[in-house]
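Sharing a structure, written as structure tokens. Questions coming.
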Amino acid sequence: MEKVDFVMIWVDGADPEWQKEKARYMPNTNEDSRIIRYRDWNNLQYWFRGVEKFTPWVNKIHFVTWGHLPSWLNTNHPKLNIVKHSDFIPQQYLPTFSSHTIELNLHRIPELSEQFVYFNDDTFVISPMDEEDFFKNDLPCDAAIESVLQFKDGGIDHIIARDLEFINSDFKKRQTVKANFKKWFSPKYGKKLLHNLYLQPFSQFVGFENPHLPIPYLKSTFRDVWKAEPETLNNTCLHKFREALDVNQWLMRYWQFAIGNFTPKLQNGKFFSIGKEDTAIKEALQSQNYQMICLSDDDPNLNFAEESSQICKYFDRIFPNKSSFER
């Protein structure tokens, strides 16, 4: 088994220096600079505790930041690589306030392993995981489950549509599925296999199920996509803030599906919206029935202080002690 790294991107939206720089580039009406894109839930320590407790086999953690760091972080930890945007993102794209620009350039992180798992700072490991939950036979473990893209107000569906546009322009669905038939129709998908059967007659990919959980990637995938679609990725990276016509890192995921660089596997994880699914969040953290969860901040009107405090209490029951990543 090749070594596996974790990559996690984080921003401290309360940092006054970061706020000053962001204010200099405030967006126009087509860009997304909402507070939910940047506010810090004060629960990052639980991410490190979960990684140390439940994935001790990880080779390296690449912690990507604008430049600020949590005051409690043990910056001398041998497994921790602190990466500033300026360390890996090309100068012409800086400064950036778009997660898309950061994500699309992850392969440029110095000393990043070929096999890595990408985490957002709202995704957590809450029960034991093995390397083969993410990679098997040196390929990412993922589920190529088709799903019809449905556009919703306030979502990123236009961005997903752009991802699909380029996948369909570079690959023929029927040839792709035929070449990796056993992966597209794997019994490991269970009932979700029906999605692929129902959508098989469509000549193009109309969407994929996106679990909003940590995603295993090959670094070489990013290089291949940059080589195939340099103009598209360059245009996205030139945007200081997220825009509706961007592409995002799911383009890389779909590319892995299209070339057959994945091992079929359903992730044992769950996406939750804070403020809308609080009871379910409490149950998930108490039972630890999932290996991973995403706690999504998608409601700008929720009681932030109260919700943050409650979630930290739930996490404290699982992770009462500091990790070696904390001072």
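Readers should treat all values here as calculations from the given coordinates under stated rules, not as data from a laboratory. Remember, predicted model here, so these are calculated numbers, not experimental data. Please note: Cβ atoms are built from the backbone with ideal geometry, for glycine as well, and neighbour counts cover all protein chains shown.
At what distance in nm do the modelled label points of residue 326 and residue 87 sit from each other, each positioned 7 Å from its Cα along Cα→Cβ?
That separation, rounded to one decimal, is 2.3 nm.
Principal axis lengths of region 253-322 from Cα atoms, whole Å, largest first?
45, 30, 22
Continuing with the same structure: Quick check on region 165-269: take the gyration tensor over C-alpha atoms, sort the square-rooted eigenvalues as a ≥ b ≥ c, and tell me if it's rounded (a/c under 1.5), prolate or oblate. Write down the numbers at each step before the final one.
Details: a/c = 1.86, a/b = 1.59, b/c = 1.17.
Since a/c reaches 1.5 and a/b is larger than b/c, the shape of region 165-269 is classed as prolate.
Same structure again: Report ³J(HN,Hα) in whole Hz for each residue of region 208-219, in order, from the Karplus equation J = 6.51 cos²θ - 1.76 cosθ + 1.60 where θ = phi - 60°; Gly and Pro get x.
Coupling constants for region 208-219: 9, 6, 10, x, 6, 10, x, 10, x, 9, 9, 4 Hz.
Can I ask one more? Quick one: what are the phi-derived ³J(HN,Hα) couplings along region 275-289, Karplus 6.51/-1.76/1.60 with θ = phi - 60°, whole Hz, x for glycine and proline?
Calculated HN-Hα couplings, in order: x, 9, 10, 5, 5, 5, 4, 4, 5, 5, 6, 6, 7, 6, 6 Hz.
Also, I was wondering about something else. Could you work out the Rg to Rh ratio of region 130-174, with Rh taken as the Kirkwood radius (inverse of the mean 1/r over all Cα pairs)? Show your work: numbers first, answer last.
Numbers: Rg = 14.4 Å, Rh = 13.1 Å.
Ratio of gyration radius to Kirkwood radius: 1.10.
Now a separate question. Would you work out the relative contact order for the chain, in percent, from Cα pairs under 8 angstrom that are 6 or more residues apart?
Numbers: 529 pairs, mean separation 88.7, N = 327.
That works out to 27 percent.
Continuing with this model, one more query. Between rounded, prolate and oblate, where does region 130-214 land on the alpha carbon gyration tensor, with a ≥ b ≥ c its root eigenvalues, rounded for a/c under 1.5, else prolate if a/b exceeds b/c?
Values: a/c = 1.60, a/b = 1.23, b/c = 1.30.
In terms of gyration-tensor shape, oblate.
Taking amide H positions as placed in the peptide plane 1.01 Å from N, state which residues far from residue 273 in sequence (5 or more) or on other chains have amide H under 5 Å from it.
Sorted by chain and number, the residues that satisfy this are 296.
Return the sequence-ordered ³J(HN,Hα) values of region 106-116 in whole Hz as given by the Karplus equation 6.51 cos²θ - 1.76 cosθ + 1.60 applied to θ = phi - 60°, using x for Gly and Pro.
Working through the residues one at a time gives 4, 5, 8, 4, x, 6, 5, 6, 4, 9, 9 Hz.
Can you classify region 34-160 as rounded, prolate or oblate using the Cα gyration tensor, where a ≥ b ≥ c are the square roots of its eigenvalues, rounded means a/c under 1.5, and otherwise it's prolate if a/b beats b/c and oblate if not?
On the way: a/c = 1.39, a/b = 1.08, b/c = 1.29.
Judged from the Cα gyration tensor, region 34-160 comes out rounded (a/c under 1.5).
Under unit Cβ charges (Lys, Arg +1; Asp, Glu -1), what dipole magnitude, rounded to 20 debye, does the chain have relative to its Cα centre?
On the way: 39 positive and 44 negative charges, 151 e Å.
Around 720 debye, computed over the chain.
Sorted from largest to smallest, which semi-axis lengths in Å does the alpha carbon gyration tensor of region 210-327 give for its equivalent ellipsoid, taking the root of 5 times each eigenvalue?
Details: eigenvalues 217, 76, 43 Å².
Result for region 210-327: semi-axes of 33, 19, 15 Å.
Counting only DSSP beta bridges with both residues in the chain, tell me the antiparallel percent, nearest 5.
Working: 13 of 36 bridges.
Counting DSSP beta bridges with both partners in the chain, the antiparallel share is about 35 percent.
Also: Loop-only check: which trypsin sites (Lys or Arg not before Pro) in region 170-218 are DSSP coil with at most 16 other Cβ within 10 angstrom? Don't skip to the answer; put the middle values down first.
Details: sites: 172, 173, 174, 178, 182, 183, 188, 191, 192; in loops: 172.
Taking region 170-218 and a limit of 16 other Cβ atoms within 10 Å, the loop trypsin sites (Lys or Arg not before Pro) found are 172.
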